[in-house]
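Just below is one structure, and these are the notes that go with it.
The values are calculated or read from the model by the stated rules, or taken from the named source; none is laboratory data. In this text the structure is predicted, and so the values were computed from the model without any measurement. As a convention, Cβ positions derive from the backbone with ideal geometry for all residues, glycine included, and neighbour counts pool all protein chains shown.
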Amino acid sequence: QKEVEQDPGPLSVPEGAIVSLNCTYSNSAFQYFMWYRQYSRKGPELLMYTYSSGNKEDGRFTAQVDKSSKYISLFIRDSQPSDSATYLCAMSGGNAGNMLTFGGGTRLMVKP
Amino acid sequence: ETGVTQTPRHLVMGMTNKKSLKCEQHLGHNAMYWYKQSAKKPLELMFVYNFKEQTENNSVPSRFSPECPNSSHLFLHLHTLQPEDSALYLCASSPQGAEGYTFGSGTRLTVV
């Protein structure tokens, strides 16, 4: 079993849709949770960062962490074609310290 | 630009060649990383340097040799690579703590 599981997609949605991206994990010691966005031919860029359980909102993006279920989500409201990218979840904490463990990434396509 | 610069952006090399990848950051970060990203696979951690000292070697073959002359520069020396080593090689840096990494745009390596 992988430490972090993420549906690879691709996920195709029409412009304006609400997008839900998810990751599950097995290490209950993880405390820091991140979402990265990676455009084609670019490195990943940090999109959202949360600590422990709860929600965090930034513009059209909302990150949710449910530590009891070992499940994290990223919601994108009013999705735009410019949101088309691969989204990677990452997490750290516990014995891993500040070393990040990444999911495999979900490819998102937002169609005009 | 993210603050982490990688050169070259693209590299084609034969299996008997020797080449080097370069990474530079001026973010004041203390940790630097090399990752390998292959198609349809999660990011694979290769090496970690903290304050110029190598703290992690994730069972990487000896044909990959890292060098960290100072906390701002990181190299990956390549020698007698195999075609399966073709991938996107990403450099990242981070401060101490778990605030996430800043990635470069990567070097797209093709071994022929």
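If you check A:ARG107, A:ARG77, A:ARG60, A:ARG41, which single one turns out to be of a type outside the set (Phe, Trp, Tyr), surrounded by fewer than 20 Cβ atoms within 10 Å (Cβ to Cβ) and in contact with a helix residue (DSSP H, G or I) (Cβ under 9 Å, 6 or more places away or on another chain)?
After ruling out the rest, the residue left standing is A:ARG60.
Restricting attention to the range B:28-64, report how many residues are touching a residue at least 24 places away in the same chain (Cβ under 8 Å) and over 22 Å from A:THR101 (Cβ atoms).
1
Of B:LYS41, B:LYS52, B:LYS19, B:LYS36, which residue is under 10 Å from the mean Cα position of the chain (by Cα) and of a type in the set (Lys, Arg)?
None of the others qualify; the one that does is B:LYS36.
Restricting to the range A:36-92, what's the tally of residues that are basic (Lys, Arg), within 14 Å of chain B (Cβ to nearest Cβ) and part of a loop (DSSP other than H, G, I, E, B)?
The number of residues fulfilling the criteria is 2.
Looking at the range B:69-104, which of its residues are part of a loop (DSSP other than H, G, I, E, B), modelled with pLDDT under 95 and within 10 Å of chain A (Cβ to nearest Cβ)?
Residues satisfying the conditions are B:PRO95, B:GLN96, B:GLY97, B:ALA98, B:GLU99, B:GLY100, B:TYR101.
Among (1) buried (at least 17 other Cβ atoms within 10 Å of the Cβ); (2) under 15 Å from the mean Cα position of the chain (by Cα), there is one condition A:ASN98 misses while meeting the rest; what is its number?
(2)
Report yes if some residue within the range B:50-58 is of a type in the set (S, T, N, Q), at negative phi and touching a Cys at 6+ places or on another chain (Cβ under 8 Å); otherwise report no.
Scanning the range B:50-58 turns up at least one residue that is of a type in the set (S, T, N, Q), at negative phi and touching a Cys at 6+ places or on another chain (Cβ under 8 Å).
Give B:THR16, B:THR107, B:THR55 a once-over and let me know the one that is exposed (fewer than 15 other Cβ atoms within 10 Å of the Cβ) and within 14 Å of another protein chain (Cβ to nearest Cβ).
B:THR55
Taking the range B:60-112 on its own, how many of its residues are polar (S, T, N, Q) and closer than 14 Å to B:HIS10 by Cα?
4
Could you grab the pairs with beta carbons closer than 9 Å, sequence gap of 6+ or different chains, first residue in the range B:4-22 and in contact (Cβ under 8 Å) with a residue 12 or more places away in the chain, second one among the β-branched types (Val, Ile, Thr) and not in a strand (DSSP E or B)?
Note: pairs meeting the criteria are B:VAL12/B:VAL112; B:MET13/B:VAL112; B:GLY14/B:VAL112; B:MET15/B:THR80; B:MET15/B:VAL112; B:THR16/B:THR80; B:ASN17/B:THR80; B:LYS18/B:THR80.
Across the range A:5-39, what is the total count of residues that are closer than 21 Å to A:THR101 by Cα and out of contact with any strand residue (DSSP E or B) (no Cβ under 7 Å at 6 or more places or on another chain)?
Residues that pass the stated criteria total 4.
Just need a number here: residues in the range A:13-35 that are more than 13 Å from chain B (Cβ to nearest Cβ) and either buried (at least 16 other Cβ atoms within 10 Å of the Cβ) or at negative phi (or both).
Residues that pass the stated criteria total 13.
Answer with yes or no whether B:LEU27 is surrounded by fewer than 16 Cβ atoms within 10 Å (Cβ to Cβ), within 14 Å of chain A (Cβ to nearest Cβ) and not basic (Lys, Arg).
yes
Conditions: (1) touching a strand residue (DSSP E or B) at 6+ places or on another chain (Cβ under 6 Å); (2) of a type outside the set (S, T, N, Q); (3) closer than 12 Å to B:LEU78 by Cβ. B:HIS29 meets all but one. Number of the miss?
Every listed condition holds for B:HIS29 apart from (3).
Of these, A:ALA17, A:ALA29, which one is assigned to a loop (DSSP other than H, G, I, E, B) and under 23 Å from A:SER79 (Cβ atoms)?
A:ALA17
I'd like to verify a number: residues in the range B:16-42 that are closer than 14 Å to B:ALA87 by Cα and at pLDDT 90 or above, how many?
6
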